[in-house]
Amino acid sequence: MSERLRGGCQCGAIRYCVERLGRPSICHCRMCQRAFGNAFAPLVTAHGLTWLTHEPKRFRSSNKVQRGFCPDCGTPLTYEPDGYKPEIAIATLDDPRGVAPVIQVGTESRLPWCDGLNGLPTRSSEEEAMVDEFLQGIESFQSPTGC
Ligand SMILES: [Zn+2]
């Protein structure tokens, strides 16, 4: 099975596979911002989602939506609207590089600084370790699957 169709959380306690991916999107709404602890939520519709380990823990964030996450490491995993296909967090795929969002939604809450991100100075992790002593010799405890 393609790496494009498998994924999981940071600690590896929860793994999944999907038969087919649907529409990739970015949601800027306040609920997705809070659920992801981030500026926005990149999500893709998951057709034929199967949990290979165990199901995520879920939080019902509204009367129509549950959100799945790993109770061990806290990784946000799903957006699950009642009666519709679930969506999975794009970056939890083992290889998310080819799953580019095609639409932005929830734009009423889009953080105003999102537009300036491409203009910020950039450094790779290696370059950052050269200027930040703390990062030198850092050892990842992330599940090695799909790093
Ligand atoms: Zn985990």
I'd like the residue in the range 17-46 that is β-branched (Val, Ile, Thr) and under 13 Å from the mean Cα position of the chain (by Cα) and, out of all such residues, is surrounded by the fewest Cβ atoms within 10 Å (Cβ to Cβ).
Thr45
Test Glu139 against the criterion of being charged (D, E, K, R) and closer than 23 Å to Gln33 by Cβ, and give yes or no.
no
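Output the strands (runs of 3 or more DSSP E) that fall wholly within the range 1-115 and possess 2 or more residues being within 15 Å of the ligand (Cβ to nearest atom), or say none.
Values: elements: 6-8, 15-17, 20-27, 41-47, 57-60, 65-69, 76-81, 87-89, 103-105.
It comes to 6-8, 15-17, 57-60, 65-69, 76-81, 87-89.
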For the range 80-109, pairs from a residue that is under 20 Å from Gly12 (Cβ atoms) to a residue that is of a type in the set (Ser, Thr, Tyr), with Cβ under 6 Å and 6 or more apart or across chains, are Ile88/Thr78
Contacts under 6 angstrom Cβ, first residue in the range 33-46 being closer than 14 Å to Pro81 by Cβ, partner surrounded by 15 or more Cβ atoms within 10 Å (Cβ to Cβ) and of a type in the set (Phe, Trp, Tyr), 6 or more apart:
Leu43/Tyr79
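Taken together, the values in this text are just the output of simple stated rules run on the coordinates, not laboratory data. Bear in mind the structure is a predicted one, so any value in this text is a computation, not a measurement. When we count neighbours, we look across all protein chains shown, and the Cβ atoms used for this are built from the backbone with ideal geometry, even at glycine.
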